[in-house]
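The values are calculated or read from the model by the stated rules, or taken from the named source; none is laboratory data. Predicted, not measured: the structure shown is a model, and the values here were computed from it. Every residue, glycine as well, gets a Cβ built from its backbone with ideal geometry; the counts of neighbours run over all protein chains shown.
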Amino acid sequence: MLTRLGRALVYGFALLWWWLPIGDAAAGAAQVSTPERVTLQLKWKHQFQFAGYYAAIAQGYYRDAGLDVQLLEAQPDTDPVQQVLDGSADFGVGTSALLLSRYAGKPVVVLANVFQHSALALVMREDSPTDSIHSLAGRTLMLEAHADELLAYLRREGVDPASLHYLPHHFDAQDLIDGRVDAMSVYLTDEPFFLDQAGFRYLTFTPRSAGIDFYGDNLFTSEQQITLHPQRVRAFRAASLRGWDYALRHPDEIIELILSQYSQRHSRAQLAFEAQQMQALIRDDLVELGYSHPGRWRHIADTYAELGLLPRGASIEGLLYQPHPQLPAWLPRAATGLALLLLAAGLFSIWLHRLNRRLRRQNHALETAQARLLESESRYRLLAEHATDMIWTLELADAALSYFSPSLLRCSGYTPQALNGATPEQLFCPESAARVRDYLAAIGDAALPATLAGGCELEMRSADGHGLWTETSLNLIRDLHGRPLALMGISRDISERRLLHARLDRLAHFDQLTGLPNRTLFFDRLERTLAAASRDRQRCALLYLDLDGFKAVNDNGGHADGDRLLKSVAERLLQCSRAADTVARLGGDEFAVILRDIAGPGSAAMIAERIIETLAEPVQLSRRKVRIGCSIGIALYPDHARDPETLLTRADAAMYAVKRSGRQGWRYCDSDDDAS
């Protein structure tokens, strides 16, 4: 018995040492007095691309976290992944190719995605035969290493990467100006500055226009670093993101810091250009700094699979950093109370043993235990009354609400009188109420789990009539004999999280300029349309159109006029189509219209003529009116093709045939059309 009591005392004192402030204070003092030396391997030379890390050093954020950080500048042949894995650096900045390294058995882990969009793009000389990416076939391209997203973009646009002539990348925009290459890969934050300064006219193509959206700069480390130094990793990540927040709000200050302490390789004007271009790639106004979306990484893995670099359905498990969740604020107090209870019970048991279990002492012990129980119940009720999560209880006898925490009143807006005795139908929206009813009906089934924790999303009603989405765990409360008495739910408000996911989903499927479906959503709609037409024995048509004269408007009036013109075109295309049809922007000045359930070829021709006539009307821009036209290629299902890819290819070929014959018209595809 004494052995068991000894173990209880040791456990109690251990809990006290762990949770009382003196333990944390001692550890924090040791950490501050001896800062840890860590290294960060950059992916390129010093420039505004790494502004957040300079800010974290200058503002003392790393020092406050107990870290002494050294930044390692990269050379053209530096591999940040290898630097981190062989111990030359503790952390690194890498590209989305970290996914390939992870699949190849290299234990890298992404800590934060600083750039929500990749800065990689292709620029091409403007003296090309057309302003289309397709004119790149058979020409000379200077491509840097690890530019897999650009190869995927070329393949997505129908340009065979094997048809190009490649040259090693010298990272000098003068090669393009002097005509040594026809196109080159660039960072949108870097080389365009030189081209603009030189007055050189060029065309820019980004993978995002074809629905390929990779992450840009990613902060990463190794699994070994996370295992051996979890606190260091958490502190470094938090201080780095804090530095990025400061840098984005004080760009001029960081530019001066770079010029005075790191590098004068770039001028002040170029650093300012880089800072401005990065705003559109980081998008901290829409997405939290460092946020990683598993769905985006799934999209990147699927793109790599298209290139044959990964198998279909390759797992991304372990790639994204999962910091240990912060323990609730009430847990230290509860643990301290538990440790004190164990300590008191142990001392009381020793005292009781020495006094030979006298009846008077037993009665006293019973009274003491009862007082402790009441105190414990009071503590737990205090925790429930001040919890931010909504806690509620339904009695099984009448399926009525018997308890609800104050947080439920705050979140729902109901009065206590309205909630007291409420049924699932009064507490939840119809579908969620049905799920709770199903769970209640299944009580008694041996296969029913006692707890449904996580993954159970229920929509609560609120007093103002709006739904309140929650993540809810359902727990059965049983009596001493194991019989179910009540159903307790713990619900957390996830409305903001669902809004964020909806916003990210829109960014992934709709063109941000015109609001039309992008290429990804277009192919989904086209597949569904063909499937429905096949099932219902209907005909449908695909209109592929390219604007005539858009380039001149864009060159003369700038991107603002070009954007305004594209918006006007989108509005007019929607006016010309039916509600059941789909109008999409495929990229640049190329659009497509999916016509469902048409009577015959004449219906498609009639809509094509209506589009040509509507787009020919003048458009009021900022300072002038312009006129443009369009060339339309028409492919019919099932007459010309029975699958989406072939149908799009044949419509595209017909459109180019119109352009070759003089533009401003439409044409059905036929066997003589050449899609190239």
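In segment 263-282, the count of residues that are within 22 Å of the chain's Cα centre (by Cα), surrounded by 20 or more Cβ atoms within 10 Å (Cβ to Cβ) and either without any contact (Cβ under 8 Å) to a residue 60 or more places away in the chain or not in a helix (DSSP H, G or I) (or both) is zero. Restricting attention to segment 526-556, the residues that are surrounded by 18 or more Cβ atoms within 10 Å (Cβ to Cβ) and in a helix (DSSP H, G or I) total 7. Could you tell me whether LEU530 is of a type in the set (A, V, I, L, M) and within 29 Å of GLU617 (Cα to Cα)? No: the conditions fail for LEU530. Residue pairs whose Cβ atoms lie under 8 Å apart, sitting 6 or more positions apart in sequence or on different chains, and linking a residue in segment 174-198 that is not assigned by TED's automatic domain parsing to the domain that holds GLN47 and among the small types (Gly, Ala, Ser) to a partner that is assigned to a helix (DSSP H, G or I) and crowded, with 18+ Cβ neighbours inside 10 Å, are ALA183/LEU136; ALA183/LEU176; SER185/LEU150. A count restricted to segment 208-221 and to residues that are touching a Lys or Arg at 6+ places or on another chain (Cβ under 8 Å) and modelled with pLDDT of 90 or more stands at 3. For segment 97-109, the set of residues classified as closer than 19 Å to LEU241 by Cβ and either surrounded by fewer than 22 Cβ atoms within 10 Å (Cβ to Cβ) or of a type outside the set (A, V, I, L, M, F, W, C) (or both) consists of VAL109 only.
Just for segment 110-135: of the residues that are surrounded by fewer than 20 Cβ atoms within 10 Å (Cβ to Cβ) and outside any loop (DSSP other than H, G, I, E, B), which one is modelled with the highest pLDDT? Selected residue: ARG125. Does segment 71-109 hold any residues that are of a type in the set (Val, Ile, Thr) and part of a helix (DSSP H, G or I), and which are they? Once the filter is applied, which keeps residues that are of a type in the set (Val, Ile, Thr) and part of a helix (DSSP H, G or I), segment 71-109 yields VAL81, VAL84.
In this structure, ASP68 does satisfy being surrounded by fewer than 16 Cβ atoms within 10 Å (Cβ to Cβ), in a strand (DSSP E or B) and either outside the structural domain of LEU257 (by TED's automatic domain parsing) or not basic (Lys, Arg) (or both). Can you say whether THR78 is surrounded by fewer than 20 Cβ atoms within 10 Å (Cβ to Cβ), touching a strand residue (DSSP E or B) at 6+ places or on another chain (Cβ under 6 Å) and either closer than 18 Å to SER185 by Cα or among the polar types (S, T, N, Q) (or both), as far as the supplied structure shows? Considered against the rule, which asks whether it is surrounded by fewer than 20 Cβ atoms within 10 Å (Cβ to Cβ), touching a strand residue (DSSP E or B) at 6+ places or on another chain (Cβ under 6 Å) and either closer than 18 Å to SER185 by Cα or among the polar types (S, T, N, Q) (or both), THR78 comes out as no. Looking across segment 419-435, just one residue is within 14 Å of GLY465 (Cα to Cα), in a helix (DSSP H, G or I) and among the hydrophobic types (A, V, I, L, M, F, W, C), and that is LEU427. Looking at ASP597, is it among the charged types (D, E, K, R), in the same structural domain as ASP536 (by TED's automatic domain parsing), surrounded by fewer than 21 Cβ atoms within 10 Å (Cβ to Cβ) and part of a helix (DSSP H, G or I)? Against the criterion (among the charged types (D, E, K, R), in the same structural domain as ASP536 (by TED's automatic domain parsing), surrounded by fewer than 21 Cβ atoms within 10 Å (Cβ to Cβ) and part of a helix (DSSP H, G or I)), ASP597 does not qualify. Scanning segment 335-353 for residues that are at pLDDT below 80 and of a type in the set (Ser, Thr, Tyr) turns up just one, SER349.
For ARG312, the test of being loosely packed, with under 15 Cβ neighbours inside 10 Å and more than 30 Å from ILE212 (Cα to Cα) is failed.
Does any residue of segment 121-144 turn out to be within 20 Å of TYR304 (Cα to Cα) and free of Cβ contacts under 8 Å to residues at least 40 places away in the same chain? Within segment 121-144, none of the residues are within 20 Å of TYR304 (Cα to Cα) and free of Cβ contacts under 8 Å to residues at least 40 places away in the same chain. Provide a single number: the residues in segment 600-622 that are outside any helix (DSSP H, G or I) and more than 19 Å from VAL569 (Cβ to Cβ). Looking only at that region, the number is 1.
State whether one or more residues within segment 579-591 are part of a helix (DSSP H, G or I) and crowded, with 22+ Cβ neighbours inside 10 Å. Looking through segment 579-591, none of the residues is part of a helix (DSSP H, G or I) and crowded, with 22+ Cβ neighbours inside 10 Å.
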